[in-house]
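These notes concern the structure reproduced below.
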Amino acid sequence: KIWEVAERTTRKGEIDAVAILALLESKKADFKPSTIIIEQYRPPVEKYVIELPAGLVDEGESAESTALRELYEETGYKGDEVIDSSPLLVSDPGMTNANMKLVVVKVTLDDYPSSPKQNLDGDEHIVRRVIELDSLMDELRAYEKRGFTIDARLSHFASGWELANKFSKAAKSS
């Protein structure tokens, strides 16, 4: 059998990259739990993709420190603490050897809305948006209708959040 394979050749250690699930909370009572999504053009799919902030792990860097660095660079938001770091994950094992970790980062906002300055690399153009977790799936559906491609990891998280809320509401009404 012949396999078509794409191999990541930039791996500096055991982990290629991180995706960052930023959990935003605020000292203001009317602020609902939110996250940050980004819009970024991805040449392999020739479209703008809606995804979580993410980045490559530098040599000698941990997944957690990469997550804090990349969150700041891509969004301007500074993480307070790493809440969780997943086991090593693969997204498309039938096609590529690329791997990653999902790192969950807590971000506390003093004031919202705030738009901290992004610290992008010279060749990066990233649009960031803060989205309430309870409306994330609806936002992703709206992006799809406008011709954007949705990253599978972000879609899986949004589906899980939506299902958990539905099951929670159903259990309370029983």
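Diffusion coefficient of region 9-49 by Stokes-Einstein, Kirkwood radius over Cα pairs, 10 °C, 1.306 mPa s: 116 µm²/s.
Just to be sure I follow: if Rg is taken over the C-alpha atoms of the chain and Rh is the Kirkwood radius over the same atoms, what is Rg/Rh? Ratio of gyration radius to Kirkwood radius: 0.98. By definition, a body whose alpha carbon gyration tensor gives a ≥ b ≥ c is oblate when a/c is 1.5 or more and a/b is not larger than b/c, and region 104-145 fits this oblate description. Centre-to-centre separation between the Cα atoms of region 127-169 and those of region 29-55: 10 Å. Once the 1.4 Å probe is applied to the protein heavy atoms, the chain comes out at 61 Å² accessible per residue. For region 123-170, what is Rg from Cα atoms divided by 2.2 N^0.38 Å, rounded to two decimals? My calculation over the Cα atoms of region 123-170 gives 1.30.
What part of the accessible area of region 1-131, given as a whole %, is carbon or sulfur when the probe is 1.4 angstrom? The value for region 1-131 is 51 percent carbon and sulfur by accessible area.
Based on alpha-carbon atoms, the Kirkwood radius and the radius of gyration of region 61-146 give Rg/Rh equal to 0.99. When the pairs Lys27/Lys78; Lys117/Lys166; Lys32/Lys166; Lys78/Lys101; Lys28/Lys106; Lys32/Lys117 are compared against a 26 Å limit on Cα-Cα distance, Lys117/Lys166 fall above it.
Extent along the principal axes, Cα only, for region 23-88: 42, 32, 22 Å, with the longest axis given first.
The values are calculated or read from the model by the stated rules, or taken from the named source; none is laboratory data. If you're wondering where the values come from, they're calculated on a predicted model, not measured in any experiment. The accessibility values were calculated without ligands, DNA or RNA, using every heavy atom of the protein model including side chains. Shrake-Rupley method; radii C 1.70, N 1.55, O 1.52, S 1.80 Å.
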